[in-house]
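For reference, the structure discussed in these notes is given below.
Derivation of every value follows stated rules applied to the coordinates shown; laboratory data play no part. Everything quoted here is computed from the prediction, not taken from an experiment. Neighbour counts run over all protein chains shown; Cβ positions are idealised from the backbone, glycine included.
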Amino acid sequence: MYYESTRNNKLKKRFSEVLLLGLAEDGGLFIPKKWPKVSKKELFKFKNMNYQQIAFHISKKFIENEINDKDLKKIIAKSFKNFSKKSIATCKDLKNNKWILELFHGPTLAFKDYALQVVGNLFEHVLKKEKKRITIIGATSGDTGSAAINACKNKSTMELFIFHPYKKVSNIQRRLMTTVKSKNIHNIAIRGNFDDCQKIIKKLFVDEGLKNKFYFSAINSINWARILFQLIYYFYCVSKINVKNEKFIFSVPSGNFGNVYSGYVAKKIGLPIDKLIIATNENDVLSTFTNNGYIKLKNVKQTISPSMDIQLPSNLERFIYDLFRKNNKLVIDQLDKLYKNKKIYISKNKIKQIQKYFKSSRVNEKNTLLIIQEFFYKNKIILDPHTAVGVAAEREKRIKNKPVIYISTAHPAKFPETIAKAIKKKINLPKKYKSLLKLKENYKIINLNYNKIKNYLINESKFVKNV
Ligand SMILES: *Cc1c(COP(=O)(O)O)cnc(C)c1O
């Protein structure tokens, strides 16, 4: 299996190259040249497989012989060792043809652990084999950072610089990053918003002055390996539900378009999905795109679902690439318009094509809080605010007589203030995390100044010093 870039369909890269590079040299995102297929028969076999076995079976189709079976199995086993549930993910029956897929049993209590734990170990495996070291730079709107840090801490082949927007992530989200004691981890708070952080990352990547100093890699959801390992829970959940000959609706709380894009790939390769609901908060770029065929970039609005406070969803380029039938020139044209004029419009015909796969709804804070309340009284389940956006969006779009799966992306205890506001209850973190609020934090606050940030990286990097 080879991979091309959304900006160059002649490119031919292997899985380990795609993994280490993150972003293609031309600035595009990697995508497989051909979609493999999962047959009905294979789907049926998943019924009797556990999460790790399904992960092996599906990822093998995309990795092929780049990593041998024995090593890949080991990597997967190691990656899910620190999850609090033996089943890894839980798919709870809510009755009335609805389920909730809970993806917060990993070490940092959000769905990002499901792919990042594997990605960290894949990185280590490939780096050791190729005798390389890399510097991972990443921006986080709250949960990616801690999941990446947890996945890469104490690994000698990599160092991590994680940027978060200063005072714009929750207390617990920040502490899950800044209290990790490991020499290869650097936390940086930027006085700006998430999109500012993401822009800095993009600039660092292409900075000629850094090319001979760092071997950069990305760990945010533009990395193909993350998309790949997010496929697994879609397959896992459907295979554990006893519904025959039906196509499922997934409702997915969305920001960077990573999770729901994995759902799109799952559908492409054979999972019976009817529609994917892209649930957004008031940062509604993905909703206006899906419903009306345009994007107008505005300033990021801070909401009670901070991990979705994003205006420019980086994975959208992957979908736009399909929408324009792999025509690199048209894709680059569209992106240019988006970056320069902050807006794009697409044709009616293309809107129809989007709506073949997706529906979307924008949910405000008031409705998010109401859903948390209602869900608690009805189902005795406390939803985190991101998941609540997903449930509310499905309510609004209501597609009749289809089985619905809500993806629950974070543990509610990560957002205690919002939960207290919604249901007047104090929610505690799982026991394991009791010390989190007392541990010493370690992070550097830097103004939104590119050169300052760049110099900080050069001065702090152990790999730069040791070249
Ligand atoms: C990252 C995140 C999202 C958004 O996922 P994308 O892949 O960026 O669309 C939603 N909810 C939570 C809790 C998250 O951490």
**Item:** Computed E for ASN292/LYS326 - FRET, C-beta separation, R0 25 angstrom, nearest 0.05
**Value:** 0.55
**Message:** For the chain, compute Rg over Rh where Rg is the Cα radius of gyration and Rh is the Kirkwood radius from the inverse mean 1/r over Cα pairs.
**Reply:** 0.93
**Complete:** A student applying the Cα gyration tensor rule (rounded when a/c is under 1.5; otherwise prolate if a/b is larger than b/c, oblate if not) would label region 348-417 prolate
**Message:** Using a 7 Å offset from the Cα along the Cα-to-Cβ direction at both GLU417 and ASN242, what is the distance between the two label points in nm, to one decimal?
**Reply:** 4.6
**Asked** How many percent of the alpha carbon pairs in region 85-163 exceed a separation of 18 Å?
**Response** 49
**Asked** Expressed as a whole number of Å, what is the distance separating the alpha-carbon centroids of region 379-395 and region 237-307?
**Response** 14
**Fill in**
Here the FRET efficiency for PHE463 versus LYS434, based on Cβ atoms and R0 = 35 Å and rounded to 0.05, is 0.50
**Fill in**
For the pair ASP69 and LYS167, the simple spin-label estimate (label points 7 Å beyond Cα toward Cβ) gives in nm 5.7
**Prompt:** Give or take rounding to whole Å, what are the principal axis extents of the alpha carbon atoms in region 325-376, in descending order?
**Reply:** 49, 27, 17
**Prompt:** Using a cut-off of 17 Å between alpha-carbon atoms, which lysines can reach LYS366, once sequence neighbours fewer than 8 places away in the same chain are excluded?
**Reply:** LYS301, LYS421, LYS424
**Prompt:** Each residue of region 338-355 in turn: what ³J(HN,Hα) in whole Hz from Karplus with 6.51, -1.76, 1.60 and θ = phi - 60°, glycine and Pro shown as x?
**Reply:** 5, 6, 7, 9, 6, 7, 9, 10, 10, 6, 4, 4, 5, 4, 4, 5, 4, 6
**Item:** For region 266-272, 3J(HN,Hα) per residue [Karplus equation, 6.51 cos²θ - 1.76 cosθ + 1.60, θ = phi - 60°, Hz, x = Gly/Pro]
**Value:** 4, 5, 4, 8, x, 6, x
**Complete:** Rounded to the nearest 500, the 222 nm mean residue ellipticity computed for the chain from DSSP H runs (n ≥ 4, each -39500 (n - 2.57)) alone is -13000 deg cm²/dmol
**Request:** Would you mind counting up the charge near ASN68? Only other residues with Cβ under 12 Å from its Cβ, with Lys and Arg at +1 and Asp and Glu at -1.
**Result:** +1
**Asked** Going down the list LYS128/LYS211; LYS47/LYS155; LYS247/LYS425, which pairs span over 26 Å between their C-alpha atoms?
**Response** LYS47/LYS155; LYS247/LYS425
**Asked** So how strong a dipole does region 269-391 carry about its Cα centre when Lys and Arg Cβ are +1 and Asp and Glu Cβ are -1, to the nearest 20 debye?
**Response** 560
**Message:** Can you order the peptides 46-52, 169-175, 17-23, 418-424 by their average number of other Cβ atoms within 10 Å per residue, highest first?
**Reply:** 17-23, 169-175, 418-424, 46-52
**Asked** Which aspartates and glutamates, on any chain, are close to LYS356 with Cα under 20 Å apart, when same-chain ones fewer than 8 places away are left out?
**Response** GLU246, ASP274, ASP284, GLU317, ASP322, GLU394, GLU396
**Item:** Extension reserve of the LYS153-LYS425 stretch, reckoned as 0.36 nm per residue once the Cα distance is removed
**Value:** 94.5 nm
**Complete:** For the pair GLN52 and ILE445, the simple spin-label estimate (label points 7 Å beyond Cα toward Cβ) gives in nm 4.4
**Prompt:** Along its principal axes, what span do the Cα atoms of region 134-281 show, with the longest given first and each in whole Å?
**Reply:** 55, 33, 27
**Asked** Taking a 28 Å limit on the Cα-Cα distance, which of the listed pairs LYS181/LYS213; LYS92/LYS275; LYS380/LYS402; LYS167/LYS378; LYS73/LYS414 fall beyond it?
**Response** LYS167/LYS378; LYS73/LYS414
**Request:** Rank by packing, highest mean first: peptides 266-272, 324-330, 225-231, 207-213, with packing defined as the count of other Cβ atoms within 10 Å averaged across residues.
**Result:** 225-231, 266-272, 324-330, 207-213
**Prompt:** What order do you get for 273-283, 194-204, 123-133 when each peptide is scored by the mean count of other beta carbon atoms within 10 Å, highest first?
**Reply:** 273-283, 194-204, 123-133
**Prompt:** If we count every other residue with Cβ under 13 angstrom of THR418's Cβ, Lys/Arg +1 and Asp/Glu -1, where does the sum land?
**Reply:** +3
**Message:** Given Cβ point charges of +1 (Lys, Arg) and -1 (Asp, Glu) and nothing else, what value in debye, to the nearest 20, does the dipole of the chain about its Cα centre take?
**Reply:** 660
**Complete:** Per-residue Cβ contact counts at 10 Å, fewest first, order MET1, MET308 as MET1, MET308
